[in-house]
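Working notes for the structure below.
The values are calculated or read from the model by the stated rules, or taken from the named source; none is laboratory data. Because the structure is predicted, anything quoted here is derived from the model rather than measured. For neighbour counting, all protein chains shown are included, and Cβ atoms are generated from backbone atoms with ideal geometry for every residue, glycine included.
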Amino acid sequence: MGHPHPKLQARTLTRSFGRGHRTVAALGPLDLTVAPGEFTCVVGPSGCGKSTLLRIAAGLLRPTSGELAIRTDSDRPAAMIFQDYGIYDWKTVQANVRFGLDIQKVPRREADARATDWLSRMGLADFADAYPSALSGGMRQRVAIARALAVEPEILLMDEPFAALDAQLRTILQDELLDLTQTTRTTTLFITHSLEEAIVLGDRVLVMSARPGRIIAERRPPFARPRTGDIRATPEFTALKGELWDLLRGEVRRDEVVPA
């Protein structure tokens, strides 16, 4: 039962790399639909094509076959957040957050006001004039999130954005993102190798196979919205994590997907 107008739809999507007898099938065939306002998490082993899928969605890679379409009703299409922050060291925090708005040619006064609003929402107001080199890893990632959300994207594409952070900070940012996306109802496609992250954040968790990545299972975490990080302590959470880990265990060639 699909949504009549999905925000993102992939049909028989595949991607290969290389040529001739050296061709490697990285992804698919894969079908995927993300409904408006839905937070969809994708988990899978390393090298399964998760990031390839996101790069195709962001328009950074072309599919080898099939198609992926994003339906947007405005000139604010997708915004992407990578795990390496992707922020500019030579721009202040304020200028980094304003960057997407400058590209959209939003008038400077309005752009500054929106950037300031997101900086305060992300707890970064005191660092507006600082440069990224002065910030911790967690704060840099918050700048990246603020920059992406400031453009009020119709769809947010996130590629393991918290992977480089320590566990405690990761938990804090998961909870912040949960709070933000539930408030804004931003359609989100979120790639992670952390089962805990997927269950906490997702309306839906999709499990990908080893390369070439296909979707082998779908689960809907049984937690109503608005939800908080407190769900981590519930038996339902533990049970779903165990079930997802059993599904993934058969796909993991090395010790790469973490149950955490």
For the stretch 30-56, pairs from a residue that is free of Cβ contacts under 8 Å to residues at least 60 places away in the same chain to a residue that is buried (at least 19 other Cβ atoms within 10 Å of the Cβ) and assigned to a loop (DSSP other than H, G, I, E, B), with Cβ under 6 Å and 6 or more apart or across chains, are Ile56/Pro63
Filtering the stretch 179-233 down to residues that are of a type in the set (Val, Ile, Thr), surrounded by fewer than 18 Cβ atoms within 10 Å (Cβ to Cβ) and part of a loop (DSSP other than H, G, I, E, B) yields Thr228
Kindly evaluate Ser136 against the criterion of being touching a helix residue (DSSP H, G or I) at 6+ places or on another chain (Cβ under 9 Å) and more than 25 Å from Leu60 (Cα to Cα). yes
Across the stretch 103-113, the tally of residues that are out of contact with any Leu (no Cβ under 6 Å at 6 or more places or on another chain), at pLDDT 90 or above and either assigned to a helix (DSSP H, G or I) or more than 18 Å from Ala79 (Cβ to Cβ) (or both) stands at 6
* To do: Could you tell me whether the stretch 157-172 includes any residue that is at pLDDT 90 or above and outside any strand (DSSP E or B)?
  => yes
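Residues Gly213, Gly250, Gly229, Gly242: which one is at negative phi and touching a strand residue (DSSP E or B) at 6+ places or on another chain (Cβ under 6 Å)? Reasoning before the result, please.
On the way: Gly250 fails: touching a strand residue (DSSP E or B) at 6+ places or on another chain (Cβ under 6 Å); Gly229 fails: touching a strand residue (DSSP E or B) at 6+ places or on another chain (Cβ under 6 Å); Gly242 fails: touching a strand residue (DSSP E or B) at 6+ places or on another chain (Cβ under 6 Å).
Among Gly213, Gly250, Gly229, Gly242, only Gly213 is at negative phi and touching a strand residue (DSSP E or B) at 6+ places or on another chain (Cβ under 6 Å).
Can you tell me which residue among Asp246, Asp203 is modelled with pLDDT under 95, outside the structural domain of Ile145 (by TED's automatic domain parsing) and either within 17 Å of the chain's Cα centre (by Cα) or over 18 Å from Ala167 (Cβ atoms) (or both)? Reasoning before the result, please.
On the way: Asp203 fails: modelled with pLDDT under 95.
Answer to the check: Asp246.
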Considering residues that are touching a strand residue (DSSP E or B) at 6+ places or on another chain (Cβ under 9 Å), polar (S, T, N, Q) and over 27 Å from Leu101 (Cβ atoms), the number found within the stretch 23-82 is 5
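Among the candidates Leu60, Leu68, Leu53, which residue alone is among the aliphatic types (A, V, I, L, M), surrounded by fewer than 16 Cβ atoms within 10 Å (Cβ to Cβ) and closer than 24 Å to Gly202 by Cβ? Spell out how you get there, then give the answer.
On the way: Leu68 fails: surrounded by fewer than 16 Cβ atoms within 10 Å (Cβ to Cβ); Leu53 fails: surrounded by fewer than 16 Cβ atoms within 10 Å (Cβ to Cβ).
One residue alone meets the criteria, Leu60.
For residues in the stretch 125-156 being surrounded by fewer than 21 Cβ atoms within 10 Å (Cβ to Cβ) and part of a loop (DSSP other than H, G, I, E, B), which is nearest to the chain's Cα centre (by Cα)?
Step one: filter the stretch 125-156 for residues surrounded by fewer than 21 Cβ atoms within 10 Å (Cβ to Cβ), giving 125-139, 152, 154.
Subset that is part of a loop (DSSP other than H, G, I, E, B): 128-131, 135-136, 152, 154.
Values: Ala128: 25, Asp129: 27, Ala130: 26, Tyr131: 25, Leu135: 22, Ser136: 21, Glu152: 15, Glu154: 13 Å.
Checking each candidate, the answer is Glu154.
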Of the residues in the stretch 67-100, those that are in a helix (DSSP H, G or I) and modelled with pLDDT under 90 come to Gly100
